[in-house]
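Notes to accompany the following structure.
Please treat every number below as a calculation from the coordinates, not as lab data. Worth saying up front: this structure is predicted, and the values here are computed from it rather than measured. For neighbour counting, all protein chains shown are included, and Cβ atoms are generated from backbone atoms with ideal geometry for every residue, glycine included.
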Amino acid sequence: MAQAHNDYYVPHDTHWWPIVGSVGLTSLVVGFAMALNGATGIGRFVMIAGVAVTLLMMFGWFGMVIKESSRGLYNKQVDRSFRWSMSWFIFSEVMFFAAFFGALFYARVYSLPWLGGAGSGALTNELLWPTFEFAWPSAGPDQLGGEFQAMPAWGIPAINTAILLTSGVTVTWAHHALRANHRGQLILGLFLTVALGLLFVGLQAFEYYEAYHHLNLKLSSGIYGSTFFMLTGFHGFHVTMGAIMLIVILLRSIKGHFDPDNHFAFEAVAWYWHFVDVVWLGLFIFVYWL
Amino acid sequence: MRHARAGLTVLFSGILLFLATPALAEWAVNMPVGVTPISREVYGLHMLIFWVCVAIGAGVFGVMLWSIFHHRKSRGVKAASFHEHHMVEVIWTVIPFLILVSMAVPAAKTLIRMEDTRDADLTLKVTGYQWMWQYEYLEDGVSFYSKLDSESNKARQLNSGIDPESVPHYLLNVDNPVVLPVNKKIRILTTANDVIHAWWVPALGVKKDAIPGFINEMWTLIEEPGIYRGQCAELCGKDHAFMPIVVKAVTEEEYRQWVAEQTGKSEAETASL
Amino acid sequence: MSTTAEQLHDHHHEHPKGVLAWITRWLTTTNHKDIGTLYLWFSFLMFFIGGFMAMIIRAELFQPGLQVVDPMFFNSMTTMHALMMIFGAVMPAFVGLANWMLPMMIGAPDMALPRLNNWSFWILPFAFAMLLSTLFMEGGGPAAGWTMYAPLVLQTGDAFPFLIFSVHLMGISSVMGAINIIATVLNMRAPGMTLLRMPLFVWTWLITAYLLIAVMPVLAGAVTMLLTDKFFGTSFFNPAGGGDPVMYQHIFWFFGHPEVYILILPAFGIVSQIIPTFARKRLFGYASMVYATASIAFLSFIVWAHHMFTVGMPLAGELFFMFATMLIAVPTGVKIFNWVATMWKGAMTFETPMLFALSFVVLFSIGGFSGLMLAITPADFQYHDTYFVVAHFHYVLVPGAIFAITAAVYYWLPKWTGHMYNEFLGKVHFWASMIFMNLTFFPMHFVGLAGMPRRIPDYAVQFADFNWVSSIGAFGFGISQLLFLFIVIKTVRGGKKATSQVWEGAHGLEWTVPSPAPHHTFSTPPDVNLMHKEAHS
Ligand code: HEA
Ligand code: HEA
Ligand code: CUA
Ligand SMILES: [Cu+2]
């Protein structure tokens, strides 16, 4: 095969996982769309089938990569391809969040003040929303969703910040341990990271419960509710994904995978974890605090 | 050789078509000059930048064509080997930049004037609906709706069998035109009730989006009485093509008279209710 | 398609025959050339579907009055035409060219992540099948324009969530494709292929890939907000809840403007490959080409609001976006001048790829000039949402992106198939396309200036004559593209054998491998340092 001359691993066999993934993703979104259009029953079924197929694809595909990696098929150059790809993937995620942060800034700096009569919004306020005054948090001139209370920064969110920051430390500790080949510390570090991640998700869920049941703060609470839940929600989703990936890494570590020089999967997940960490700092500052 | 000539012909016939403007009066090819100081300025800017582009284009394409004629292999030339020249590169970076600056200055001046809606004599509030306009004269208390006239409306149905040519001002006529006085600074406020529309009358040199929940401002000063037509200029659904605007510019007295009639009419209407 | 498969079969180790085997092969391939072929055929198909929709548009606009379709269907044709052309035709065509050529140009054995590459492609047919299926749904296809402005788009019927999700899928595909390209270019270059020795097509794609990764997720975010506004009660774009419909436009155009450069930078790269070949002279100002491309990419992030001059931004914003937009003419001008300087004192011949490339330079510039006119804010108040804008962007997209892609196909077809295309037919295709294209889109400047709004199925009678001309031109242009299809198929099936170098003036690694290129190239990386020394001695 071609690698006889060059050791960059170029797969030559037939490869079914992508097409499985496409079928999975498509059923997922088609089912979701059908459910949104009112065909809830069948829509939900198609969607769950899609999720299942997508998960199958991920297990199969990643499993194959892990196997190939442990067979030593990947040289340093392949490793670098993975590194570049993961970094750019994280950058794309950053840009996805940027869209929602952008919406938050725009609402706070432009649209709400204009509705309240600031700057070029004087007539907007006078003629269309005469009783509205700019304030933040706000559910807009019509108080969509009714009166609500904002989520205070210095309760659960502050604790969650501490949790995530600590988990950033524990994962780094685990990484150092891996490089020094201290398997025990590696597993402990990862275990702590996973535990902290799950604790974070749990607290976040509790916070949502509080918001809906005691603060009357809902996704439909105007622009505050929209930005609050979409930003924290997508972040929470990413933390969940990160935690699942960490669990996989933990299990693999327990099974004895990775060696001090060769552990890209570990690093990729660690990078990802730091990324959700940094996004959280942005959330804490701009969504909760300021 | 043959090809190059054909290319030339096509290129220049395009430019000639532009230059032949008066000969093509029927086939309107250019922006209307309009009847407001701003519309005239805008027209001036438009022509300025147009000619600048034509000049640059003529230069660049001229050199290119010369090269295509003379530096072809069939003429037995051998390719030169130069492939950079810093001075030239600096020059063709700096000169376009300077040209752009010289265009940006007058454009900025006009823009600043266009956005200055202070000290208006009259305020017209325009609200877009799917698919008609509502006009409110804030000082004079007149208010009405305006939509596509019924003749155009009949003709524009799918396979109506009515020849559009036979309908006067096909698609550019309304039941109730906006009446505005000449030589007054008129402030126009736009907003909408459902989706985004845009209020545009080319001869007045103004266009602004009508956005639900927000008020936009623009102004105009019409210098000649007459009838000016425009259309909604933001896709607003099925009948976006069918919500025209007609402005009737009249002298101040006529305007006053019209307002009196309108307020009388609306008073009568309320009385009869 | 089957012949292409046959062609490539020759060079691949024992592929079983039979329909099932054939399907399996194309579904599961991880070879960059196969995937490139898939992308290119897919893009061709989408071009025809999108073009067919344009024919419906032009048929309705052939004369005033409504004769062919009802207004709602017309709007969905306009919307779908643009989505098909941009996301279905032009972007996949560029990715297909990248797949085929980048590894060969930089001396790599394949793309960096061959399996991911397969997935990037195989998402697309699903996404577009979903999008096309919306035309048959309750309430019709999406009809709010390709820009999908809120609140109008929220009035879409059952098509709505399918529209949103198909955009998500396209986004996933593009981002994965772009990641693959960046990883390939940064990591897979042969020894001695330094960054500043890379062919310009590689450079422009590297920068394009960066743009894609930066903005496709933003589009995904924007349409996600639309989705939640419609179904989950959020108020991003609803003023009553403190949002703003204009906010959608800001987010959309933050994606949308870089997107238009995504549609043109690879075209710049293609033209920068072709002109030196047929002028038999090195590209003038290589380094400045690279810097100009990078500047265009940088500027593309700070000009987005030139699409929204009429939304009532504060004066300072209007001024800023006007100035920033005008600036883009400078680096773009540098490119045009460099191409002209490359021709200067060359020894030119005018094969079909060169003809398309030359007309690209002229006609793209015309589109650029009208772009510059649009950038003048006060004048844009008159131009905005008229056919003048439609004329502008078709000049940069049709003789811009489409001509560049066509040129690339003629240029590299011999390398792909091992056969020369028929030069006479190629020239007929060029002249027909060039003349009809101008006939279609030039008059749009006139009707636009005279006041014809865009996105209308019916118009006032004074616009009738030019619209008639446009429609004739459009039908002619469409039929000319059938000739293109014919030429390509003919070349795939047979024709004069191509040499390795194919073109007398061609330089670069892709011309050192046989034609057709074997299934695997550069399994052993070439030594570019050595080749460079030879070339310069
Ligand atoms: C390939 C795609 C592409 C490209 C390359 C461009 C290039 C440019 N575009 Fe275009 N544009 C679109 C695709 C593209 N555009 C699309 C699709 C839309 C409509 C979207 C929609 O609403 O649906 C649009 C709309 C659009 C608008 C909004 C119009 C409106 O809706 O009101 C504006 C306004 O500024 C604009 C400007 C420009 C400018 C300044 C350039 C510049 O990059 C051009 C630079 C090039 C040149 C200027 C020519 C060569 C230069 C020289 C020879 C040097 C010397 C020249 C001078 C000093 C003048 N474009
Ligand atoms: C890369 C992008 C791209 C390309 C290549 C094209 C190609 C064409 N476009 Fe498109 N167009 C857009 C991008 C593009 N367009 C965008 C972004 C919009 C704005 C949408 C919006 O407002 O939201 C638009 C809008 C648009 C409009 C305005 C619609 C409106 O405002 O309502 C029109 C009108 O004439 C038009 C025409 C054409 C034509 C005639 C072609 C031709 O070049 C197409 C030629 C190709 C073929 C014809 C296919 C091949 C042949 C066949 C399938 C055989 C059958 C042939 C016949 C029956 C003759 N386009
Ligand atoms: Cu109202 Cu378009
Ligand atoms: Cu733009």
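What are the ³J(HN,Hα) couplings of segment C:215-228, residue after residue, when phi is run through the Karplus curve with 6.51, -1.76, 1.60 and θ = phi - 60°? Round to Hz, x for glycine and proline.
Running phi through 6.51 cos²θ - 1.76 cosθ + 1.60 with θ = phi - 60° gives 10, 4, x, 5, 4, 4, x, 4, 6, 5, 5, 4, 4, 6 Hz.
Over chain A, one equal point on each Cα, no solvent: what is log10 I(q)/I(0) by the Debye formula at q = 0.07, 0.13, 0.16 Å⁻¹?
The Cα Debye sum returns log10 ratios of -0.37, -1.06, -1.33.
Once you average over the residues of C:262-274, how many Cβ atoms of partner chains fall within 10 Å of each Cβ?
0
Which whole-number percent gives the relative contact order of chain A, counting Cα pairs below 8 Å spaced six or more residues apart?
16 percent
What value, in deg cm²/dmol to 500, does the helix sum -39500 (n - 2.57) over DSSP H runs of n ≥ 4 give at 222 nm once divided by the residues of chain C?
Helix-only estimate at 222 nm: -22500 deg cm²/dmol.
Averaged over C:385-394, how many beta carbons belonging to a partner chain fall within 10 Å of each residue's beta carbon?
Counting other chains' Cβ atoms within 10 Å and averaging over C:385-394 gives 2.
Mind checking the dipole of segment A:1-143: about its Cα centre, +1 per Lys or Arg Cβ, -1 per Asp or Glu Cβ, Debye to the nearest 20?
440 debye
Explain nothing, just the number: relative contact order of chain C, from Cα pairs under 8 Å at least 6 residues apart, as a whole percent.
18 percent
Which Cα, out of A:Leu36, A:Ile90, A:Leu55, lies furthest along the positive dipole direction of segment A:34-138 (beta carbon charges, K/R +1, D/E -1)?
Checked the options; the winner is A:Leu55.
Counting helices only, and only those DSSP H runs with n ≥ 4, report the 222 nm mean residue ellipticity of chain A as the sum of -39,500 (n - 2.57) divided by its residues, in deg cm²/dmol to the nearest 500.
For chain A, the value works out to -23000 deg cm²/dmol.
Within a 10 angstrom radius of the beta carbon, how do B:Val201, B:Val63, A:Val46 rank from fewest other beta carbons to most?
With the sparsest Cβ surroundings first, the list reads B:Val63, A:Val46, B:Val201.
Name the most mobile residue of A:Pro152, A:Pro18, A:Pro141, meaning the one with the largest mean-square fluctuation, in a Gaussian network model of chain A with Cα contacts below 10 Å.
Of A:Pro152, A:Pro18, A:Pro141, the most mobile in the Gaussian network model is A:Pro18.
If the only charges are +1 at each Lys and Arg Cβ and -1 at each Asp and Glu Cβ, what is the size of the charge dipole of the protein assembly as shown around the Cα centre, to the nearest 20 debye?
I would put it at about 4060 debye.
Would you order B:Asp163, C:Asp458 from fewest to most other beta-carbon atoms within 10 Å of each residue's own beta-carbon?
Lowest count first: B:Asp163, C:Asp458.
Through the Karplus equation 6.51 cos²θ - 1.76 cosθ + 1.60, θ set to phi - 60°, convert the phi angles of segment A:63-80 into ³J(HN,Hα) values in whole Hz; use x for Gly and Pro.
Calculated HN-Hα couplings, in order: x, 5, 4, 4, 4, 4, 5, 6, 7, x, 6, 9, 8, 4, 5, 4, 4, 5 Hz.
Taking Rh as the Kirkwood radius computed over C-alpha pairs, what is the Stokes-Einstein D of chain C at 10 °C in a medium of viscosity 1.306 mPa s, expressed in µm² per second?
Stokes-Einstein gives a translational diffusion coefficient of 67 µm²/s.
Using 25 Å as the Cα-Cα cut-off, could you pick out the over-long pairs in B:Lys184/B:Lys248; C:Lys427/C:Lys497; B:Lys73/C:Lys496; B:Lys154/B:Lys265; B:Lys109/C:Lys335; C:Lys335/C:Lys490?
Pairs exceeding 25 Å: B:Lys154/B:Lys265; B:Lys109/C:Lys335; C:Lys335/C:Lys490.
If you add up the charges near A:Ser226, with Lys and Arg at +1 and Asp and Glu at -1, over every other residue whose beta carbon is less than 13 angstrom from its beta carbon, what do you get?
+1
How many Cβ atoms of partner chains, on average, are near each residue of C:116-126 if near means within 10 Å of its Cβ?
Mean partner-chain Cβ count within 10 Å for C:116-126: 5.
Hey, what angle do you get for helix A:17-36 against the long axis of chain A, alpha-carbon based, 0 to 90 degrees rounded to 10?
Roughly 20 degrees between the two axes.
May I ask you to derive the relative contact order of chain B, considering only C-alpha pairs under 8 Å and at least 6 residues apart, and to give it as an integer percent?
18 percent
Just want the answer: with Cβ charges of +1 for Lys and Arg and -1 for Asp and Glu, which residue in B:Trp92, B:Val33, B:Ala80 is farthest toward the dipole's positive end in chain B?
So the residue we want is B:Ala80.
Please label the shape of segment C:168-240 as rounded, prolate or oblate, based on the square roots a ≥ b ≥ c of the eigenvalues of the alpha-carbon gyration tensor (a/c under 1.5 means rounded; beyond that, a/b larger than b/c means prolate, else oblate).
Note, shape of segment C:168-240 comes out prolate.
Among C:Leu449, C:Tyr291, C:Gly139, which residue has its Cα furthest toward the positive end of the charge dipole of chain C, with +1 on Lys/Arg Cβ and -1 on Asp/Glu Cβ?
Value: C:Tyr291.
Taking chain B as the reference, fit the longest principal axis to its C-alpha atoms, fit the long axis of helix B:2-19 to the helix C-alpha atoms, and give the angle between the two in degrees, 0 to 90, nearest 10.
With rounding to tens, the tilt is 30 degrees.
How do C:Trp253, A:Trp61, B:Trp51, C:Trp41 rank when sorted from fewest to most other Cβ atoms within 10 Å of their own Cβ?
B:Trp51, C:Trp41, A:Trp61, C:Trp253
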